[in-house]
Structure formats: structure tokens, C-alpha cells
Amino acid sequence: MIRDEELDALLRTAPWMSEDGRKADRYARVDHAELGPAALLLVVAAVGGPASGRRFFVPVDLRGGRERPREAHPVDEFHTAAVLRTLAGGTLRTAQGGAVEFRSAGGTAPEVRRLPFERGWSSNALSLMEIGGVAHIHKTYRCLDDGVREPDLLRLMNGTGRTPEWTGDYTYTDPASGTRHPLGVVYRYAPGEGIDVPLRQNLRSLWPALSRLLKDGSPESVARRHLRPLEGQLREAGRFLRGFHADLAYRLGDGTPQPAYPAGERLAQAEDRLAGLHDRTTADPALPGRAVRRAFRAMEAEVGALHAELARPGASWTGGPCHGDLHLSHLLWRPPALIDLSTPSTAPTAPGWAAQSPLEDVVALQRGLEYFAADEAAFEAAGRLGADSLETMLGSLDGAPHLPPAQQDELRQVFAVADHWRERVRELLLGPASGGPLRRLLYLRRLLHELAYNHAHTRPYHAAIDLRHALRLGEGGSGAHREPEDVRP
């Protein structure tokens, strides 16, 4: 068994550990099970510090001797053993009377081996496995208490062709509470790139010809012409997303109508967050004060308009299940698929079922495009002006009054093209702009969430992006969807 000082050294320096988890006074062993000779499946808890009580799943390789324990994720034998046990099914009893339960789609256990894989960064652990000659992902979840629902969602969505094919998963059952916590999942590898890849290639190929193109057309016409090669794929991706919402609602629902979305409660939360952010953000010396104050007035006006919508007789909006944390990189194409599902609630009887909507995914992609296009424009403008990208991002917010007029014009041109390009992508992917109240409420909530995060983490660059789009509230350009407002896919 791993000693306390070894556990401390292992976790405090782990690259995946959150900053609050790293500040724990110590780490306590909660429970464990042995996965044969391959690994110790260890559940630990942070004791003291800002993350006190939070629990983590740590597979540990002890084969190098008791003096040198290490995480098992780099070890081929751990992944092979975990996948084979998942395919076989069954239960491992834990030291404290809990259980690690393995389940699979069934069938014989074929040959399994680990493959080389450049997984990029993830707070969870991903490995590429070959199962019977077919590539699969073995994913383990680091944090037990995060409300992970992905394994169940993948299993329920099997056969739709919208998500990777579920092969199996394993969960830990807490002996004290009986609560089940996903530890790992195995699913067929989904090839392809996120939609952000072709979008980045398209926008970056526009910049070298920008000056020439603007001689023959407006920023809007330049952006629209340059996106023509992607029009078909973007429209197809939008159709795929709507099909996903329809399949998800069918697979998770029980045939009863979706209840009313708790709009009043969610609007009150947004209003409280806006009030809490006001003084801190408007006093931030890193942000241009006049523009910040205008942005807050625009958000306050939007709250007032949404209150008026709610006060109308019979006002009620319905939603439905959604992806839950959709980023541009999670929407694959060629072939299309959706990965990393985080659906907030998975059944009509589960908490939070009413408080979700497919429009959350629409808003998430909208916000993703806003960050994406602004970031590309700030970097391009910085190169043209010989400036820092923070300077150009802040300049896009307040007009950069400190720059000479010629440089101000160049800054405006770059951001104008990026903004029109983004709006055209949004239109192709998500449909004509919609000013419905539920979408506007969800957009405002996400905007405030991201602004609060960026302010709390001293990220003026990203906060400036949020404030740019806060200024546009009420202009009809803060979101879109092809479906009617009371979406019921």
C-alpha cells in the first residue's frame, strides 16, 4: 500500500491536479481495490485547504516497488487490464466494503493492446486502445464528485450515429452513501477534427489577402465570399446538431411533455451575478472604464427587457436535454460526431431536468465563435501594428484612442472582417438570428459566467471579448437558432 508521504508527493505535483486541490493540507486514502497485479485503484480525499473533502480517483502502479509508486496511466498493463475487465464485466470489492462494477455491451473478449496517441491536454486521462483490431478510447475520470454522466449518455445514445459507440464502463459505489461514481469508460474512437480546425484554416487564409480584397468589397462581402467553400459543411453540421437534440430528447425522455423552463429563477440568478460584478469590473484599471460602464448598462437593460418578457400573461418557455458543455472542438465533422457529453440531467425524474435547453448548445457555439474570431483578429492586428495582442483586444473595445488614426482604421478593419466572418459562420451553422427570450436569457447567463471567471482569474484579454459582446445586447446579434423559441426537438 502507498504511504501517506508518497501519496502527497504523487498528487501535489500531478499536472492534472487543480490549484485548489494542490493546496490541500494533506491527502487521505479513502478506499481501494486491486486490479490484479496491474494497479491499485485508489480513492483519495483532500484534507484541509480550499478543496477539503473533494475526492479523486488515482490508479497507482506499484510494480516498481513500494518506494517508488507512480500513477498507472502511463503504464500499458493498467489500460489493458482495465479494458479487459470492463469487457468481461463483474465486480471488484473494495477494502472498505464498496465496489467497482464493470459493465459492457457483451460479446467475447478480443485481443487488446495500447496504441500511441497524442491526446492533447485534458483534465481526465485518455488512452488509445486497439480492441479486436478496432481503435477505442479508454477514458478515466480524475474527480469523483463532478457529477460525470458521460458513460450513461454514450450507452443511451448507442446506435444513433451521433456519438461514439459505447463499449463499456466502470463505476465506484461508495459504501457509506451507496452513490455511484463513474471511474472510466471505453468507447470506439471517433476520427475526425473539431469544426474549429477548418474554421481556423479558412480565417487565417483570409488575412494575407485582406488589403487587396477590401479594395473591391466591404468587410461583410469579403467575409461572406471567403466562407463559400465551407457553406455546405457548416449547414450540414447544423442539421447534424439538430438531429442530435432530437435523438437525445427521445432517448432520455419518457414521452411526457417537457416542463416549463425555470426562467424566473435563472433570471434572478443572472441579475444577482451582474450586480456582484458591477463594482469590481467597472473599477478594474486593466479595462477601459467608459466601455465597461456602457457594457454594464447594456446588460442591465437586457435584464430589464427579460423581466418584461416574463411578466407577460402566459409567458412560459420549454427546453429539453442538450450536450451541456459544447465547444467548437467537440463538434466533429467528416464524419460528424459529438464528443465529451456533459448533459446536465439524464431523465425526467432526475434533478435539473426542466432547467436545460438545446439553446444552451446554440449559445455555447455562439460564444465559442465570439472568442475564436476575436482572438484571431487580435493576433492578426497585433502583427500588423507591431503591438501586443492585449493592446489590440482592448483597442477593439474602446477604439484605441491612443493610436494614430491610420492604425485605428487598420484595427477596425481587421475586427470588422472577423466580426462579419463570425456572423456568417453563425448564420450557416445555427440559422438566422433569433431574439427569443429564452435564448437571450441563456446567452446572458453564459456571458456573465464567463465574465465572472475571467475577472476572478485576472484575464483582461478575455474579459474584453465578453464586454465587446455585452455592448451588442439588444442589437439582435447575440444568438441564433433555426428552431422556434419553445424548442422541443
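The values are calculated or read from the model by the stated rules, or taken from the named source; none is laboratory data. From a predicted model like this one, the values you see are computed outputs, not experimental measurements. With ideal geometry, Cβ positions are generated from the backbone for all residues, glycine too; neighbour counts draw on all protein chains shown. Surface accessibility is based on the protein's heavy atoms, side chains included, excluding ligands, DNA and RNA. Shrake-Rupley method; radii C 1.70, N 1.55, O 1.52, S 1.80 Å.
Quick notes on this structure:
Per-residue answers, yes or no, for (1) assigned to a strand (DSSP E or B); (2) open to solvent by 40 Å² or more (accessible area, probe 1.4 Å); (3) more than 23 Å from R426 (Cα to Cα); (4) touching a Phe, Trp or Tyr at 6+ places or on another chain (Cβ under 7 Å):
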position	(1), (2), (3), (4)
G161	no, yes, yes, no
D169	yes, no, yes, no
S221	no, no, no, no
A237	no, no, no, yes
R251	no, yes, yes, no
D254	no, yes, yes, no
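- Of all the listed residues (L42, L10), the sole one being closer than 26 Å to A176 by Cα and out of contact with any Phe, Trp or Tyr (no Cβ under 6 Å at 6 or more places or on another chain) is L42.
- Yes/no for V44 being open to solvent by less than 10 Å² (accessible area, probe 1.4 Å), touching a strand residue (DSSP E or B) at 6+ places or on another chain (Cβ under 8 Å) and either in a strand (DSSP E or B) or closer than 29 Å to T80 by Cβ (or both): yes
- Restricting the first member to the stretch 183-205 and to residues that are within 30 Å of Y172 (Cβ to Cβ), and the second to residues that are open to solvent by less than 30 Å² (accessible area, probe 1.4 Å) and assigned to a loop (DSSP other than H, G, I, E, B), the beta-carbon pairs closer than 7 Å and six or more apart or on different chains are L183/Y141; G184/Y141; Y187/P164; R188/P164; A190/P164.
- Some residue of the stretch 360-372 being charged (D, E, K, R), under 19 Å from the mean Cα position of the chain (by Cα), part of a helix (DSSP H, G or I) and closer than 30 Å to L214 by Cβ: yes
- Residue count, the stretch 340-359 (criterion: touching an Asp or Glu at 6+ places or on another chain (Cβ under 9 Å) and part of a loop (DSSP other than H, G, I, E, B)): 10
- Contact map, the stretch 393-407: first residue free of Cβ contacts under 8 Å to residues at least 60 places away in the same chain, second residue hydroxyl-bearing (S, T, Y) and open to solvent by less than 70 Å² (accessible area, probe 1.4 Å), Cβ cut-off under 9 Å, separation 6 or more or different chains; pairs are A400/T392.
- Some residue of the stretch 70-90 being β-branched (V, I, T), in a strand (DSSP E or B) and over 28 Å from the mean Cα position of the chain (by Cα): no
For every residue, the table says whether it meets (1) within 25 Å of M299 (Cα to Cα); (2) open to solvent by less than 70 Å² (accessible area, probe 1.4 Å); (3) out of contact with any Lys or Arg (no Cβ under 9 Å at 6 or more places or on another chain); (4) not in a helix (DSSP H, G or I).
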position: A381; (1), (2), (3), (4): no, yes, yes, no
position: A387; (1), (2), (3), (4): no, yes, yes, yes
position: L390; (1), (2), (3), (4): yes, yes, yes, no
position: M393; (1), (2), (3), (4): yes, yes, no, no
position: P401; (1), (2), (3), (4): yes, no, yes, yes
position: A406; (1), (2), (3), (4): no, no, yes, no
position: R424; (1), (2), (3), (4): yes, yes, no, no
position: E427; (1), (2), (3), (4): yes, yes, yes, no
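- Selection count where residues are over 17 Å from the mean Cα position of the chain (by Cα) and either open to solvent by less than 50 Å² (accessible area, probe 1.4 Å) or of a type outside the set (D, E) (or both), scope the stretch 141-151: 1
- Applying the criterion of being surrounded by 15 or more Cβ atoms within 10 Å (Cβ to Cβ) and part of a loop (DSSP other than H, G, I, E, B) to the residues of the stretch 96-115, the residue that is modelled with the highest pLDDT is G98.
- When F57 is tested against (1) over 22 Å from D174 (Cα atoms); (2) assigned to a strand (DSSP E or B), just one condition goes unmet, and that condition is (1).
- Per-region count, the stretch 437-457, residues in contact (Cβ under 8 Å) with a residue 60 or more places away in the chain, of a type outside the set (A, V, I, L, M) and either closer than 17 Å to A301 by Cα or in a loop (DSSP other than H, G, I, E, B) (or both): 6
- Extreme residue, most open to solvent (accessible area, probe 1.4 Å), among residues of the stretch 172-210 that are in a loop (DSSP other than H, G, I, E, B) and under 23 Å from P336 (Cβ atoms): Y189
- Residue satisfying all of: in the stretch 5-31; aliphatic (A, V, I, L, M) and farther than 15 Å from R54 by Cα; most open to solvent (accessible area, probe 1.4 Å) among these: A9
- Applying the criterion of being open to solvent by less than 10 Å² (accessible area, probe 1.4 Å) and assigned to a loop (DSSP other than H, G, I, E, B) to the residues of the stretch 288-332, the residue that is modelled with the lowest pLDDT is G319.
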